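Input: a single structure, listed below in structure tokens.
Nothing in this text is a laboratory measurement; each read-out follows from the coordinates by a stated rule. Computed from a predicted structure; not experimentally measured. A quick note on method: Cβ atoms are made from the backbone with ideal geometry, for glycine too, and the neighbour counts reach across all protein chains shown.
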Amino acid sequence: MDWKIYTKGGDKGQTALIGGSRVPKYHQRIEAYGTIDELKSYIGLIRDLSENKEIRNLLLEIQDRLFTTESLIAADSVESAEKLPKLFEKDVELLEKSIDKMNETLPGLSSFILPGGQVLASHTHIARTICRRAERQTIKAAEEFTLDPLCVKYLNRLSDFLFVLARKFVYDLGGEEIIWKARI
């Protein structure tokens, strides 16, 4: 059986959550998981541009966790969420261990840096800012609806991971990190 990409169900501005309830396409859950979808897509671009196999594999795993996060946010009830894949504390720990490992090879940081310094790093900084927006949208959704708190925690740690990954790309690929010097 072929899966059709269009259902026509959203033609009047509504969409279905996991569990079947219909909500406006501007619903807070849709804003949150739609932003995570944007992030997941941008991470795919970074993965495709990276030549580091270990990083590409890690980014693929992150994309998988983001799909899980999206589905948990899209579930319209605790009962619907129970049937879905889960996030685990070990997913957050993987990001933390990766951050620590990358930081071992990077110079210390005592100032703010300007995003940029190398093309792949710039893309990674854009993904970081999308991740921060996804985190804010998810926090807002969690104020109104019951969500797994690991969704927010994972996004928070992922933005930290993306910041450090951007720095790693700058140094590994011969770019130059630009320290922000405030004009006072």
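Just want to confirm a number: the relative contact order over segment 78-184, from Cα pairs under 8 angstrom separated by 6+ residues, in percent.
On the way: 101 pairs, mean separation 45.4, N = 107.
Value for segment 78-184: 42 percent.
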Subject >> Calculated from backbone phi, Karplus (6.51, -1.76, 1.60) coupling profile of segment 129-143 in Hz, x at Gly/Pro >> reply: 6, 5, 4, 4, 5, 4, 4, 4, 5, 5, 4, 4, 5, 5, 6
Original post:
log₁₀ I(q)/I(0) of the chain at q = 0.10, 0.15, 0.16 Å⁻¹, via Debye over equal Cα point scatterers, no solvent, to two decimals?
Top reply: -0.45, -0.90, -0.99
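So, by mean Cβ neighbours within 10 angstrom, what's the order for 154-163, 6-15 with the highest one leading?
Working: 154-163: 22.8, 6-15: 10.1.
Sorting 154-163, 6-15 by mean packing, highest first, produces 154-163, 6-15.
Could you tell me what fraction of 2.2 N^0.38 Å the Cα radius of gyration of segment 105-184 comes to, as a two-decimal ratio?
Working: Rg = 15.0 Å, N = 80, 2.2 N^0.38 = 11.6 Å.
Normalised by 2.2 N^0.38 Å, the Cα Rg of segment 105-184 equals 1.29.
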Subject >> Amide H contacts under 5 Å for Ala75, placed H, 5+ residues apart >> reply: Ile18
Original post:
What relative contact order, as a whole-number percentage, does the chain give when Cα pairs under 8 Å and 6 or more residues apart are counted?
Top reply: 26 percent
**OP:** With everything on Cα atoms, drop me the angle between helix 149-172 and the longest principal axis of the chain, reported from 0 to 90° to the nearest 10.
**Re:** 30 degrees
Subject >> Acute angle (nearest 10 degrees) that the helix 53-74 long axis makes with the longest principal axis of the chain, alpha-carbon atoms >> reply: 30 degrees
**OP:** Distance between Cα centroids, segment 109-184 to segment 25-99: provide it in whole Å.
**Re:** 15 Å
